[in-house]
Amino acid sequence: MSAPGVLSFTQQGWEQVLAKVKRALVYLDAACAESLHWGCGSTRLLEAVGGPECHLREFEPAAVGGGAKQPKAVFVLSCLLKGRTVETLRDIICRSHFQYCVVVTAVNHAVHLTANHVPAAAAAELEGQQPVFEQLEEKLCEWMGNMNYTAEVLHVPLLLAPVAPHLALTPAFASLFPLLPQDVHLLNSARPDKRRLGSLSEVDATALTPELFLQIRCLVSGLSSLCEHFGVREECFAVGSLSRIIAADLANYAPAKNRRKTATGRASVVFVDRTLDLTGATGHHGDNLVEKIISVLPQLPGHTNDVMVNMVELTALQNEEKSQSMVAPGCLAQPKDAAAKALWEALLSTKHKEAVMEVRRHLVEAASRENLPIKMSMGRVTPGQLLSYIHLFKNNLKALVSHCGLLQLGLATVQTLKHPQTAKWDNFLAFERLLLQSIGESTMSVVLNQLLPMMKPLNQRTDNDYSPEELLILLIYIYSVGGEFTVDKDLGEAEEKVKKALAQVFCEESELSPLLQKITGCDSSIKLTFHKSKIAVDELFTSLRDIAGARNLMKQFKSVYVPGNHTHQASYKPLLRQVVEEIFNPEKPDPVDIEHMSSGLTDLLKTGFSMFMKVSRPHPSDHPLLILFVVGGVTVSEAKMIKDLVPSLKPGTQVCL
């Protein structure tokens, strides 16, 4: 994707918001804060607000209201203006002294009509009118205490957090994840016997819970705005059951149909279910520095994709626990710093070794430019060497300020290279390679038995042993890469042994991590009995078997495992790679597992005629722009793979992930 694409879409949206915020108290929810963080940076918002004090607050029920000297508020929200969101708005406004309120929602008015059960025919007649927003404007004046005060409600598509020119994230949909076969039972519990669903392939939009359907419609609203910004008429394709529902909803989304009539460009949007390949998400084969930084450094609070970088090294404080909380953390997103942004994009698209050398090169060049007394050293890059360059900036405030973004990325690199988890990365990689060989040569029960000795309770573990979360990662890897397997007596026994060992490991933790609390339903280790732990582990294994069978419905993409032979070792072939290779297959066969979603009668007629006439069916490689949307998240090394792969298969095609 060319740089203007996803970045200009996000920045254009924020410019509309920034035009409203002068001298206002600004409330943001987490997803919008994340979009701002990657798209423009919070300093841009503070500049637009103006004034000496900080006027940013988190949008939450306990948020502090506005004082007597704060008559204006702007609320920037990623969600529907309905239910608890409206209650929180009311509570904040009622305890404030506002006379002017602006509410910005990232969700289109058309979706608000759907959420308020307005039939499609009635919604079509309301074109150009926004009754839901108008009603809320009246309510805002009521809550401010005077109907003559000013209230404004508007839609701005703040969907994306643009991480790089080719990669954008959707923080508001971080929890949207494809369904597994066990979810069919949940959906069936709300359906009469005659209309029970047999499998995931039968699930359509009408079968979903209202909450999930609205979440999908909110996503579709944002993606439609993105296509409008690109000026394209999009063809929608899907790989996987939830992707099929999302693609069909975008293809038939009423506001999109009018927009497509005037669009001059063309694009293919391909949705892919993450559950079809969780090997890529849990494996350690991605030779990428950023992937390691994200996996070992602590998460930036309220964010789904950025980390906290400890900045104490640049101060006169001792690097101890208590001083870390006194100094604000650094982070990876540097949208306003051109040099840091250039380094960040280089780190995303190079291998680990090259990336570390790139960090050194940038630090050396910056120090030279500032005439700092640098000692050059060639050869292998060490964390100590990088740190010695970073320390040069410590006592030079001007240099520190002008290279602050670069120093944050430098410290993130140092802290990752020194982190004990990074040393474990290679252990994971070695074990995963061993698993790949075993899967081809032996049954699933033998593979599970190899894992058993690694399951050690807390009192027997050393730093090199696997924690409970790491054991779960290995189990997901095994079941996802192995795919469908035959259940026999040996497998049943092997699974039972692993379950007991894992339940015992959970029980003997001194403290339960947030993930283990969620899995076991216990907030402290004291309450976790072996019985409760075993029930939780049994449920986990139901999910693992679902993951192993996730590709059962596929005809072509049935496996991500390539068996070994005399010349090559067994390997893993990412599903995303297979999908992209199939899209750009020079033979251009009709895709088997990449389903095209028709957007109404003309498309259906085309498909029907193609049975007995020479009508070409839409193909995902037909257009100059490919938008790939992985439902459930993507890794840095997958993004790099796609960015490198597409131009090699079809030069000139732009790709946006």
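The values are calculated or read from the model by the stated rules, or taken from the named source; none is laboratory data. Since this is a predicted model, take the numbers as computed values, not measurements. Here the Cβ positions follow ideal geometry from the backbone for every residue, glycine too, while neighbour counts run over all protein chains shown. All accessible areas refer to the heavy atoms of the entire protein, side chains included, with ligands and DNA or RNA removed. Shrake-Rupley method; radii C 1.70, N 1.55, O 1.52, S 1.80 Å.
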Quiz prompt | Accessible surface, per residue, of the chain when the full set of protein chains is kept, probe 1.4 Å, Å² | solution = 46 Å²
Practice problem: Report the one residue of VAL487, GLY405, ALA503 whose Cα lies farthest in the direction of the positive end of the charge dipole of region 401-551 (charges on C-beta: Lys and Arg +1, Asp and Glu -1; origin at the Cα centre). | Solution: GLY405
Practice problem: Please work out how much accessible surface HIS531 shows to a 1.4 Å probe, ignoring ligands, DNA and RNA, in Å² rounded to 10. | Solution: 130 Å²
Self-check item: Entries of LYS398/LYS418; LYS20/LYS336; LYS418/LYS500; LYS257/LYS640; LYS292/LYS497; LYS292/LYS534 with Cα pairs more than 25 Å apart
Solution: LYS398/LYS418; LYS418/LYS500; LYS257/LYS640; LYS292/LYS497; LYS292/LYS534
Quiz item: If you find the alpha carbon centre of region 525-551 and of region 284-305, how far apart are they in angstrom?
Solution: 26 Å
Quiz prompt | Test item: Cα-centred dipole of region 150-277, Lys/Arg +1 and Asp/Glu -1 on Cβ, debye | solution = 400 debye
Practice problem: Towards the positive end of the charge dipole of region 317-400, with charges on Cβ (+1 Lys, Arg; -1 Asp, Glu), say which of HIS352, SER368, ALA328 has the farthest Cα. | Solution: SER368
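Within a Cβ distance under 14 Å of PHE98, other residues only, what is the Lys/Arg minus Asp/Glu net charge? Walk me through the numbers on the way to the answer.
Values: positive: LYS20, ARG23, ARG57, LYS69, LYS72, ARG90, ARG95, LYS139; negative: ASP91, GLU137, GLU142, GLU152.
Overall, the nearby charge balance is +4.
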Quiz item: Using modelled amide H (1.01 Å from N, peptide plane; none on Pro or chain starts), what sits under 5 Å from the amide H of GLU370, excluding residues fewer than 5 places away?
Solution: none
Quiz item: If you place +1 on the Cβ of every Lys and Arg, -1 on the Cβ of every Asp and Glu, and leave all else neutral, what size is the dipole of the chain about its Cα centre, to the nearest 20 Debye?
Solution: 940 debye
Quiz item: What is the gain in length, in nm to one decimal, between GLU365 and ASP644 on full extension, counting 0.36 nm per residue of separation less the C-alpha to C-alpha distance?
Solution: 97.7 nm
Quiz item: Once the piece of chain linking HIS185 and GLU47 is laid out straight, how much longer is it, given 0.36 nm per residue of separation minus the C-alpha distance between them?
Solution: 44.5 nm
Quiz prompt | Selected from VAL26, GLY231, ILE547, residue furthest toward positive end of dipole (the chain; charges at beta carbon) | solution = GLY231
Quiz item: For the chain, which whole-number percentage of the solvent-accessible area (1.4 Å probe, protein heavy atoms only) is attributable to carbon and sulfur atoms?
Solution: 55 percent
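Run the numbers for LYS375 and PHE541: contour at 0.36 nm per residue of separation, minus the present Cα-Cα distance, in nm.
Working it through step by step, the gained length comes to 54.2 nm.
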Quiz item: In a Debye calculation with equal point scatterers on the alpha-carbon sites of the chain and no solvent, what is log10 I(q)/I(0) at q = 0.07, 0.11 Å⁻¹?
Solution: -0.52, -1.34
Quiz item: Where the only charges are on Cβ atoms (+1 Lys, Arg; -1 Asp, Glu), what is the dipole of region 1-125 about its Cα centre, to the nearest 20 debye?
Solution: 360 debye
